[in-house]
Each structure stands twice: as C-alpha cells, then as structure tokens.
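*Asks:* Here's a structure for you.
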Amino acid sequence: MQRAHLVAAFLTFAALCVGVSALSVSRDRHVTLEQARREFAATAHLLDEHASRAIEAGDAQLRMLLDALERWDRRDPAEGRRIQAAMHARAERLPQVGGVWALDARGRLLLDSAEHPPPPRDLSERDYAQAHLGVNQGPPLGLHVGSHLPAGPGISQGRFTISRALRDEEGILQAIAVAGIRNTYFSQMYGEAGWGEGARLALFTSAKEKLAEWPPNSAVEPPTTAWPQPWDPPDGPAIIEGTQITAARMLTGFPIVVVASRPLAEVLAPWRERALWTTAVSGGILTGALVLFVFALAGARREDAVRAELLRANQSLDERVRQRTADLEKALRSAEMASLAKMKVLATVSHDLRQPLQGLAAFHELLLKEAPNPTLQQLGAMASASLQAGQRLLDDLLTLSRLEAGVVPVEISAFPLAPLLDQLAAELRTEAESKGLRLTVMPTKAWVRSDPARLQPILRNLLSNAVKYTARGGVIVGARPRGDGLRVEIWDSGQGIAAAELGTIWEEFYQIGNPARDGSRGAGLGLSIVERTARLLGHPLEVRSRVGRGSVFTVTLPRVPPPAAPAPMAVPRSADPAPPVRTAESSPGRLAGRRVLVVEDDPLQRSSLTLLLEQAGAGVMAAESFDSALAAAQATLQAPSVILSDYRLPGGTDGLSGIQTLRGVLGREVPAILLTGELSADLVRAAKDAGCLVLTKPAAPNRILSTLAELTAGADAAA
C-alpha cells in the first residue's frame, strides 16, 4: 500500500465531510427560516379566526339590542327591565363581553346590562358616541371599533368598545348600542397558547391604535413592512422585519389587525444547536479518519522496514544466514501482527464512522425533501453523490477488514449457474448498450457448489470492470467444464493489462491508468475484495491479457450434477445495490397508520430516524432503551407495528435480546429490524434465528422505509 494513496484517500474523505457538513448547515438554516415564516403566518391566521369569532359574538349582541330598542315602548318600565335582564344574561355567557349599554340620540346613558334603571350619565364625549353622533348625512356608519379603555372607577379590567347606531327610515339617529370587549380575554388566551418566550401578539385598529397585547404592557408596536395592505394576498407568508419574524392579518369584515412576531434569535436557536451537532459529528468523523490514517500509515512504514530488512538479509554472507533467518522470522511475525492490528483498527473505526454517517444520511434525505428551489435540489443531489461515494469507500474498507479478520459467514450450497449470470447481465446491459458494446452470456445448464451470496459480488465486480474498461467491441461471459470444475470466463475487448501489472492488480488501492486518483473511478479496492472472497470460498482466480487486445478473467468453481427435479434458484439480493431512485413510493404517507418503535441510545441518530419516519407518515415512539420503550408502550396501551432498534444499547442489554423480551411482554411476534454498524457471522445467525432483519449502517433512508413498508404491509393502518 503506497503512502501517497493513503494521503489521497484521507484528504478526499476530509473534503467530503467538510463539504457535506457545510451544505447541511446552510440548508438547515434556510429550511428553519422558511418553516418559521409558515408557522407565524398560520399563527396570524389562528389569531384572525379567534378574534373574528369574539368580535362577531359581540356584534351579534349589539344587533339583538338594537332590535329590542326599536320595539321598546319607553312608557313601559317593565319592558326596560326585561331588556336589561336579557342583556345581562347574554353578556354573562360571553367571557369576552365586559358589558353592554345603550345611549339615546343625545349621548346619554339609556340602558345598562349591569343595572336598571341606570344612573344618569352623559357619555356624548366618548369616541364611540362621537363616531355616530357626527354622522348627519351620507351612508350610516357600520360597526365602529373604539379605542382602548383602561381600568377605572366601576371598570375592573381594561377593554375596548364596539358600537352600532339605530336610525329611523329618514336616517335620524335614535339610539347607540355599545359593547365593551375585555382585552384581557385575548391576552389570557395568547398567554396560555405557548407561542414562545419571545413571542409578541397584539390587536390593533386599522388606524394602528392598540386594543390588546401579550405579554401585558410589553409595548408592542405596529409593524411597518408587515402591515397588511389592500393588494396583499390573504394568506401571505410572515416577513422578516429587522430582528423579528412578523405576520399581520386584517380581520374579514372588521377594521382590526392581528399581529404576531418572534425574535429571529429565538427562531434560530434550534438551528444553532443542530449546527453544533453537525460540526461535532463532522469533527468526530474526521478524527476517526485521522486515527485510521495514522494506523494505516504506521503499518505501511512497518512493511517498508520489513522489506528493507529482507534486502539486507539477502546481501549478507553465508556464515550469517542462520542469524539473518532468525531476524527474518522475527520481522515476518512483526509484519503479521502489524497487518492484524491494521485490520482490527479498520473494523473498529469503520463501525464508529458508520454511526454518525447514518444520522447524516437521514438528515440529508430530510433536507432534500424540504428543499424549495431547483438550485438547492441540485446542490443536494451533488452532496448526496459525494456522501454515497464516501459510504462506498467505507463499505469497501469494512468488507476488506472482515475478510482479513475471517468473520464473513459462508453458506455453501448447490445451485444452477445460469440464473446468476443472467441477473448480472441484466444489471449491466443498459450500461453496456449506452457505450455501444455487445454483452453476451453463453447459455449453460451447469450446477455448481458455492455460496451464491459471496459468488455474486465476485462475478459482478469482474463483469462491471470488463464493461467499464472496454471502449468498443463487446464482453462475453461463458462457462467451460475442466475436470471436476467449471471455469467461468469473462472476456472483453478492452485496453488490456501489461504483463508487469498482472500480479499487482489484486492489491489494495491499486488502479491501472489512474495516477491522479480520480474518485469517480472508485478507490481501487474492488479486485482486492474479489481476490480475498475467492480465497475464502476456495475458488482459484486467473487473468490473461494482451495490451490493446483485451483480457479474460477466470473463476474456477466446483461442478456438481444437477438434481433429478431441480428447484428454481432464488438469486441472492445484491450486496451493493445501486442508489435508490426517488419515486412516488418514497413520498410522504407510505408508512401512514404504522406505529414504529425506535430504540436508539444516540440522541442524534434517534432524532434523525424519528424525523425520517414521521415524514413517511408513521407514528413514532422513540426511546433510548427497551425499558423506556416498554414503559411507553404500556402507557399508550398501543403495541408497535414494527421495531427498529440499534444493536449496541446501554445498560448491558443488546437490541436482539431487548426485542425478544418486548415480544414476550406484548404477547405477539412484532416484526423487527436491527440497524447496526457491527456485523459478524454470529450476529447474522442469531438475528435470523430470532426472525429479525439486519440492516448495515449507514443504510439508505429509502431502503429503511422500503424494508419497514414490506414488513408492515399486512398491518392495520390505524391512525
């Protein structure tokens, strides 16, 4: 392994992490502001509806009072008491109405819901009296909204007034009906709604006179830019005005404006926290990558030291052969220990890197769904491609470490070869045809003995390379019997491989014709993984090539006779599927009605999975342990439709045992998925025995949703 390759891989991964982190933080801020604007527009709409209902109820009181005044024979005192009693009873049923009274044509108190007969009072100087007394010609004034009346003698609470006038057929004023609206009714409701610590809510007249506000005495000023204009749309978004997000709406049919505002600093507080988390995650990933780089570089240096020691031993004199042989054996043991340590570090660090990458992939998927414009969608797609490239590099590193550590499970069976070859050809035929290549698979009825799940990526990698490095001509796949074996051969008419490089193409990070380390051509780990997997299965690999003429790669498999009545073979699913395509299936609602129990001790991972599942329409119960999950299920009296759990959990309980315990308590076999960055042969077998699926972190968000949808396809879609 060359040091330059290690440095290039580390720098590429570091740039990827920084770029994805910066894009995620920027997108998150934009989405946070847009969501706050929509929320405050909805808040203003809610205040509009509430205030409209309150004013309409008061206006209805005025209209009923005007009807009673028009029929009132003032010579009958009993009729006046009946009107006063009805006014009092109706005002008592409306908490926003602080009283109802009537004035005669000269502005003197005629009726009062508080007492009858009312004390003699001249109220002609009040603004509501002046508004109606001053209209002598022209159309009659409709509903009038008076200014704020503070608490005073006989008035325990501040209020504002609404009033209407009674006129005869000739338009002459007969009486004025007035209702006092308690402004504390609005401020109490606003205070109980929990809009936020820095929220400011208020009612103004159309002339920008304040009627009510919350918090009380907070000196809320009418906005300038956000003040509703006649040409504004009725459901316009909130406006960022200075250091506030403000929304204002004019009540339909009433000269009253509702205003809601909140400081930008308070709105962006959650974004700042998420930005810190993203920065911390990126820092952790880079730190882990740096540790991996240091250990790998140390291993490379030790290997260089071993080679130098071997060279000096070969140049020594014959009488020092024994001593040099001992030194060589010691150096070889040191190299083996260094290689084993390197693979252990790769396995450990790869697991730790997968954990934050899972959350990063989910948050990135959510940000892309919320992206409002094509430019951000394009940038998000580019970031997604970069993230997938990093994940593929991490997957290859983990696969390599597992192969070296010998923890890859192998299940040998007999199966027909043709379906496997046909599937691989179908996967790559579109790419071959786009390059003008002929991809031919020779028919075969042979049966072989191998692990189809491990053999498939070997043949896929060889066939994919043949298509990738062939510019014209074609690729042929065929099988030839040789003794007790079957040689699967992949021929191409590509550029060929020089004889000096035939022995080095199986090394890690080695690529022919890519000295600049173009990341789009992969990391150079494919053939290394192919060689180690073939060695694990005991299948010999061969390669023959001529520069400018093409190459042929051969895998020799044990051949077995076909059974008398062969059963159709289930072709294994791809271990490295293509990135999921966004279709209508990934739209919100695909998990509607499903209750998903998420058990994850990492708060960032738990948050990302919760947001992802809720966007798909699922009801989510999130817990950090199975004790908390059981308590939540018992409290809601609802069993989950499916369980999505991490494997490593605090308190000495792993995800598999927690799932089995919860199933026992619930008394049903709830479908379950283990989402883990730790894979071993024992864990895969144990999960299979327990009826659980295993997804490797970082799993694509669409794959998580698709797997959950398949598991819960028969579940009742309860709301």
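The values are calculated or read from the model by the stated rules, or taken from the named source; none is laboratory data. Just so you know, these numbers come straight off a predicted model, no measurement behind them. Cβ sites come from the backbone with ideal geometry, for glycine too, and all protein chains shown count toward neighbours. When the accessible area is computed, the model is the full protein with side chains, heavy atoms only, and any ligands, DNA or RNA have been set aside. Shrake-Rupley method; radii C 1.70, N 1.55, O 1.52, S 1.80 Å.
*Asks:* Rounded if a/c is under 1.5, else prolate if a/b beats b/c, else oblate: with a ≥ b ≥ c from the C-alpha gyration tensor eigenvalues square-rooted, which is the range 34-264? Don't skip to the end; give the middle numbers.
*Replies:* Numbers: a/c = 2.52, a/b = 1.94, b/c = 1.30.
Note, shape of the range 34-264 comes out prolate.
*Asks:* Another question, then. Quote to one decimal, in nm, the extra length available between A22 and R648 on full extension: 0.36 nm per residue of separation minus the C-alpha distance between them. It would help to have the intermediate numbers written out before the result.
*Replies:* Working: separation 626, 0.36 × 626 = 225.36 nm, distance 2.95 nm.
Gain in length upon complete extension: 222.4 nm.
*Asks:* Classify the range 595-716: rounded, prolate or oblate, from the alpha-carbon gyration tensor (a ≥ b ≥ c, eigenvalue square roots; a/c under 1.5 rounded; otherwise prolate if a/b is larger than b/c)?
*Replies:* On the way: a/c = 1.22, a/b = 1.07, b/c = 1.13.
In terms of gyration-tensor shape, rounded.
*Asks:* Compare D601, D104 by solvent-accessible area with a 1.4 Å probe and give them largest first, with all protein chains kept in place. Present the calculation step by step, with values, prior to reporting the outcome.
*Replies:* Details: D601 60, D104 20 Å².
I get D601, D104, largest accessible area first.
*Asks:* Which whole-Hz ³J(HN,Hα) couplings does the range 639-656 yield from phi under the Karplus relation 6.51 cos²θ - 1.76 cosθ + 1.60, θ = phi - 60°, glycine and proline marked x?
*Replies:* 7, x, 6, 7, 10, 10, 10, 6, 8, 7, 10, x, x, x, 10, 8, x, 5
*Asks:* Order T661, T43 by their accessible area, 1.4 angstrom probe, all chains in place, largest first.
*Replies:* Numbers: T661 90, T43 15 Å².
Order by accessible area, largest first: T661, T43.
*Asks:* What list of ³J(HN,Hα) couplings, whole Hz, do you get for the range 6-20 from phi and the Karplus terms 6.51, -1.76, 1.60, once you set θ to phi - 60° and write x for glycine and proline?
*Replies:* Calculated HN-Hα couplings, in order: 4, 4, 4, 5, 5, 5, 5, 5, 5, 4, 4, 4, 5, x, 5 Hz.
*Asks:* Which loop-located trypsin sites (Lys or Arg not before Pro) does the range 87-138 contain, where loop means any DSSP state but H, G, I, E or B and the Cβ has at most 14 other Cβ atoms within 10 Å? Walk me through the intermediate numbers first.
*Replies:* Numbers: sites: R90, R93, R106, R108, R121, R126; in loops: R106, R121, R126.
Taking the range 87-138 and a limit of 14 other Cβ atoms within 10 Å, the loop trypsin sites (Lys or Arg not before Pro) found are R106, R121.
*Asks:* How far apart, in nanometres, would the label points at S657 and K208 be if each is projected 7 angstrom from Cα along the Cα-to-Cβ direction?
*Replies:* Modelled inter-label distance: 6.9 nm.
*Asks:* In terms of solvent-accessible area of protein heavy atoms at a 1.4 angstrom probe, what is the ranking of R3, R429, highest value first? Walk me through the intermediate numbers first.
*Replies:* Values: R3 105, R429 85 Å².
Largest accessible area first, the list is R3, R429.
*Asks:* Another question about this same structure. Please list, in chain and number order, the residues 5+ apart from V448 or on another chain whose amide H is under 5 Å from its amide H, with Hs placed from the backbone.
*Replies:* F415, L417, V560
*Asks:* Taking 0.36 nm per intervening residue step and subtracting the Cα-Cα distance, what contour gain separates A105 from A265 on full extension? If you can, show how the numbers build up before the last one.
*Replies:* Values: separation 160, 0.36 × 160 = 57.60 nm, distance 5.38 nm.
Net length gain for the segment: 52.2 nm.
*Asks:* Could you calculate the FRET efficiency of A471 with A426 from 1/(1 + (r/R0)^6), where r is the beta carbon distance between them and R0 is 22 Å, rounded to 0.05?
*Replies:* On the way: r = 22 Å, r/R0 = 1.02.
Efficiency, rounded to the nearest 0.05: 0.50.
*Asks:* With each pseudo-label sitting 7 Å past Cα toward Cβ, what's the R482-R53 distance in nm, one decimal?
*Replies:* 8.3 nm
*Asks:* Solvent-accessible area of D67, probe 1.4 Å, all protein chains present, reported in Å² to the nearest ten, please.
*Replies:* 80 Å²
*Asks:* Within the range 445-489, which trypsin sites (Lys or Arg not before Pro) sit in a loop by DSSP and count at most 15 neighbouring Cβ atoms inside 10 Å?
*Replies:* Values: sites: K445, R449, R454, R460, K468, R472, R482, R487; in loops: K445, R472.
Those that pass, being in a loop and sparsely packed, are K445, R472.
*Asks:* Non-local amide H neighbours of L525 (under 5 Å, H modeled in plane, Pro and chain starts lacking H): which ones?
*Replies:* When sequence neighbours closer than 5 places are left aside, the close amide H contacts are F509.
*Asks:* Turning to a different aspect of this structure: Take the alpha carbon gyration tensor of the range 414-497, find the square roots of its eigenvalues, order them as a ≥ b ≥ c, and report rounded if a/c is under 1.5; if not, report prolate when a/b exceeds b/c, else oblate. Walk me through the numbers on the way to the answer.
*Replies:* Numbers: a/c = 2.04, a/b = 1.74, b/c = 1.18.
Taking the square roots of the gyration eigenvalues as a ≥ b ≥ c, the range 414-497 is prolate.
*Asks:* Here's another thing I want to ask about it. Amide H to amide H under 5 Å from L439: which residues, 5+ apart in sequence or cross-chain, H placed 1.01 Å off N in plane?
*Replies:* When sequence neighbours closer than 5 places are left aside, the close amide H contacts are V475.
*Asks:* Whole-Hz Karplus ³J(HN,Hα) for the range 618-629, in order, using 6.51 cos²θ - 1.76 cosθ + 1.60 and θ = phi - 60°, x for Gly and Pro?
*Replies:* For the range 618-629, the Karplus-derived couplings read 7, x, 10, 10, 10, 9, 8, 8, 6, 5, 5, 5 Hz, x marking Gly and Pro.
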